Amino acid sequence: MNDAGKSDVLVVGAGVIGLSIARALHKCGAGMVTILERGSPGRESSHAAAGMLAPQAEAETPDDFFRFCRASNELYPAFCAALLEETGIDPEFDDSGTLYLAFDESDLHELGRRYEWQSAAGLRVEHLSAEDTHKLEPFVSPDSLGSLYFPEDRQVENRRLLSSLLSYCEINGIEVISGAEVVTVSGLKGIADGVVCSDGRRFSAGSVVLATGAWTSFIKGAEPLQGIPLIKPIRGQMLSFRAAKQLFRHVIYSPRGYIVPRRYGRILAGATTEDAGFENKVTEDGMTLVLDHALEISPSLESLPIQERWSGLRPYAEAGHPVIGPVGGMERLFVAAGHYRNGILLAPLTAELLSELIVNGEESMFVRQFSKGGTAKFKTV
Ligand code: GLY
């Protein structure tokens, strides 16, 4: 085993969660932070995502998880503005709002149900007639029977967000080491002291954070993952169109799919939800489904060339809720994984909570709710 270096905090995983945590740790004065990535930074589900910041469009009920999503959404304007200032890379935060369309009786029932619980909870939501929906978005299908408008659901260009976070790391001396596949968390007397990679390299650290997405359950060592539910991959396939002019202004959902307008005529469409193990690839059936759901939202898309097809593996834990906090069975080992459909949305708040926990020992209400592990024991770094 060769010793490859020592850090105050090792963050395992360079997706949006790991990168955001590393940035927050650096801002909190956590000392030397190093990120280890099994592949290339920012190339897994964070890259595959659609960048929707849409708690109201995605949530079923006003539960703790919904409140967590809303709280992270509220951090987004400042998160993106700070990253632009720090790196010069604009994550293209867009707060135009989101539409949720109905096409039949059952969809209308779903809209009514969402409108009721969301307005009762004091959230901003508007019920639009078919006519008003078309005024807002003229290229939406004429078959649409109306929509809900969520003015506080937003979007960000997730690939630019990743570039901006990586640039922050580079500017601020946070080393991101690619091709470092962590297999084991090492520890002495129940206290994490580093990790070991599949090629035998050993990295030492005062604290270890697993931001390892769908790969979290592969990591072993002194039963460190005690209490953490199995995190498994759920594939999402997507495609994008290229339009010569801007056809849409809002993110537009139906109960079956969504389209996301981006700058320069790019329009994303998603997504499948498939239990296909680690087979990260597009399939003919998946593409047909995504295309059908996009064309239901807007038949105008049919005439546009398809620019890109891709897939990603969402990290799914119990109930689709993330696992954030200390890991039982090993002190100074932390996890932030299982963000499933909401990794981009939950990155700023996850980062804030984990950095406060690691640096100051402050365990927030959200960490108590979403932690499955043991009690937090800290080392001042
Ligand atoms: N958040 C959208 C998706 O996971 O498809």
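Inside segment 297-329, can you point out the residues that are over 30 Å from Gly190 (Cβ atoms) and buried (at least 18 other Cβ atoms within 10 Å of the Cβ)?
Of everything in segment 297-329, those that are over 30 Å from Gly190 (Cβ atoms) and buried (at least 18 other Cβ atoms within 10 Å of the Cβ) turn out to be Ile297, Ser298, Leu301, Ser311, Gly312, Leu313, Arg314.
Spot the failing condition for Phe93; the list is (1) among the hydrophobic types (A, V, I, L, M, F, W, C); (2) surrounded by fewer than 22 Cβ atoms within 10 Å (Cβ to Cβ); (3) within 16 Å of the ligand (Cβ to nearest atom), and only one is missed.
Just one mismatch for Phe93, condition (3).
Looking only at segment 220-229, decide whether some residue is in a strand (DSSP E or B) and either surrounded by 15 or more Cβ atoms within 10 Å (Cβ to Cβ) or in contact with a Cys (Cβ under 8 Å, 6 or more places away or on another chain) (or both).
no
How about segment 241-282: which of its residues are within 14 Å of the ligand (Cβ to nearest atom) and outside any loop (DSSP other than H, G, I, E, B)?
Val251, Ile252, Tyr253, Tyr258, Ile259, Val260, Leu268, Ala269, Gly270, Glu274, listed by residue number.
Working carefully through the options Glu105, Glu74, Glu37, Glu110, find the one that is of a type in the set (D, E, K, R), away from the ligand (no atom under 16 Å from the Cβ) and surrounded by 18 or more Cβ atoms within 10 Å (Cβ to Cβ).
Glu37
Restricting segment 1-21 to residues that are at pLDDT below 95 and either part of a strand (DSSP E or B) or of a type outside the set (A, V, I, L, M, F, W, C) (or both), which is surrounded by the most Cβ atoms within 10 Å (Cβ to Cβ)?
Looking at residues that are at pLDDT below 95 and either part of a strand (DSSP E or B) or of a type outside the set (A, V, I, L, M, F, W, C) (or both), I get Ala4.
From Val183, Val195, grab the single residue that is touching a residue at least 60 places away in the same chain (Cβ under 8 Å) and either on the phi < 0 side of the Ramachandran plot or outside any loop (DSSP other than H, G, I, E, B) (or both).
Selected residue: Val195, the only one of Val183, Val195 that is touching a residue at least 60 places away in the same chain (Cβ under 8 Å) and either on the phi < 0 side of the Ramachandran plot or outside any loop (DSSP other than H, G, I, E, B) (or both).
Just one of Gly265, Gly277, Gly257 is crowded, with 19+ Cβ neighbours inside 10 Å and in contact (Cβ under 8 Å) with a residue 12 or more places away in the chain; which is it?
Gly257
In segment 311-346, what count of residues is obtained for those that are among the small types (Gly, Ala, Ser), in a helix (DSSP H, G or I) and either touching a strand residue (DSSP E or B) at 6+ places or on another chain (Cβ under 7 Å) or within 13 Å of the ligand (Cβ to nearest atom) (or both)?
Of the residues in that region, 2 qualify.
So which residues in segment 22-55 are assigned to a strand (DSSP E or B) and in contact with a helix residue (DSSP H, G or I) (Cβ under 7 Å, 6 or more places away or on another chain), if there are any at all?
Val33, Ile35, Leu53
Condition check ((1) assigned to a loop (DSSP other than H, G, I, E, B); (2) under 30 Å from Ala205 (Cα atoms); (3) in contact with a strand residue (DSSP E or B) (Cβ under 9 Å, 6 or more places away or on another chain); (4) polar (S, T, N, Q)) across all residues:
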{"site": "Asp132", "(1), (2), (3), (4)": "no, no, yes, no"}
{"site": "Val140", "(1), (2), (3), (4)": "yes, no, yes, no"}
{"site": "Ser147", "(1), (2), (3), (4)": "no, no, yes, yes"}
{"site": "Leu161", "(1), (2), (3), (4)": "no, yes, no, no"}
{"site": "Leu166", "(1), (2), (3), (4)": "no, yes, yes, no"}
{"site": "Glu170", "(1), (2), (3), (4)": "no, yes, yes, no"}
{"site": "Val176", "(1), (2), (3), (4)": "no, yes, yes, no"}
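Condition first: more than 14 Å from the chain's Cα centre (by Cα), in contact (Cβ under 8 Å) with a residue 40 or more places away in the chain, surrounded by fewer than 24 Cβ atoms within 10 Å (Cβ to Cβ) and within 16 Å of the ligand (Cβ to nearest atom). Now tell me which residues in segment 51-64 satisfy that.
The answer is Ala57, and nothing else.
Taking the criterion of being out of contact with any strand residue (DSSP E or B) (no Cβ under 6 Å at 6 or more places or on another chain) and buried (at least 17 other Cβ atoms within 10 Å of the Cβ), would at least one residue in segment 196-216 satisfy it?
Yes.
Kindly indicate whether Ile177 is touching a residue at least 12 places away in the same chain (Cβ under 8 Å), within 16 Å of the ligand (Cβ to nearest atom) and surrounded by fewer than 21 Cβ atoms within 10 Å (Cβ to Cβ).
In short, no.
For segment 75-128, give me each residue that is free of Cβ contacts under 8 Å to residues at least 60 places away in the same chain, within 30 Å of Tyr168 (Cβ to Cβ) and part of a loop (DSSP other than H, G, I, E, B).
Asp95
The values are calculated or read from the model by the stated rules, or taken from the named source; none is laboratory data. This structure is a prediction, so every number in the text was calculated from the model and none was measured. Positions of Cβ are backbone-derived with ideal geometry, glycine not excepted, and every protein chain shown enters the neighbour counts.
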